[in-house]
Amino acid sequence: MKANFTKLIFLALLFISANVSQAQNFQGKAFYMSKTSVDMSNFGRPDMPEDRKKQMQERLKSMFEKNYELTFNQTESIYKEEETLETPGQGGGGGRFGMMSSSFTGGPLYKNVKTGDLLQEQEFFGKQFLVKDELPKYEWKMTGETKKIGQYTCFQATATIQSKAVGFEDFRPPRRDEEESEETESEIGTPKEIKIVAWYTMQIPINQGPGEYWGLPGLILEVSAGKTTILCSKIVMNPEEKTTIKVPKKGKEVTKEEYNEIVKKKTEELRNNFRNRRNGPGGGRR
């Protein structure tokens, strides 16, 4: 009787050990497409030729339609842009577009839902930063709506946040009819209310998602926030070749709030420099 009991205990421990080992080795990859819409009416002169507008639209498209890869396990994830060959004439190029494109070059973004850590390597105008902060807290509300994304049944959840992040359109130099408006300048970096709509699947019960999004009882496959939509196009569960999830370490360590302030000040500096050049001698003021 005692031998049988000992045998049962041994089998139970073996079963628990196998499950723990399987959980530790669990890994998945999700591939996402991100698209951000930009109001072209805010860029360029009103009399800009159509071919120039089209060229500008193509450059913006290459900057704001990107592919990302999310590698995740039970507690950690790393989200990074997929490397692609740049099409001639479609990249950031030189001038203001090149500066703006390089300014928002984001490196790997790491999330740990167990410790609550969020880290991202971020390059801004040639300087490397390590943005280190706590995971944002989303007050998700379940709507009860469902839909299919590929083979996965997804549930909808919404949240509202206040964001101080400087957006791409803040880099737009003020038009002449705005130059005297202090209100335009004060808009840079002021809190904006953003509604988030996320779709998650409980068929992959992990607390992860693309970018900074997390906090739902299943992997987030689609999320819309402001003018940006991120959609999952492919999922690979337990790939044969495992990826090591490395914690980002490069750059000067700053909080997210500190980083947003750095970007805000640089943006205001660029706008002021552009105004001074345009209004100065030979600036072309009509």
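The values are calculated or read from the model by the stated rules, or taken from the named source; none is laboratory data. Model, not experiment: these values are computed from the prediction. FYI the Cβ positions are ideal-geometry reconstructions off the backbone, even for glycines, and counts take in every protein chain you see. For accessibility, only protein heavy atoms count, side chains too; no ligands or nucleic acids. Shrake-Rupley method; radii C 1.70, N 1.55, O 1.52, S 1.80 Å.
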Seminar exercise, completed: Once amide hydrogens are built 1.01 Å from N within the peptide plane, the residues lying 5 or more places from GLY209 or on another chain with amide H under 5 Å from its amide H are ILE220
For this session: Mind grabbing the accessible area of ARG52 for me, 1.4 Å probe, Å², rounded to tens?
Result: 90 Å²
For this session: Name the residues whose placed amide hydrogens come within less than 5 Å of the amide hydrogen of PHE124, ignoring near sequence neighbours (fewer than 5 apart) on the same chain.
Result: PHE129
Exercise. Any idea of GLU268's accessible area? Nearest 10 Å², probe 1.4 Å.
Worked result: 50 Å²
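Packing-wise, with mean Cβ within 10 Å as the measure, how do 237-250, 67-80, 193-206, 125-138 rank, highest first?
Values: 237-250: 11.0, 67-80: 19.4, 193-206: 17.9, 125-138: 15.3.
So the order, starting with the most tightly packed, is 67-80, 193-206, 125-138, 237-250.
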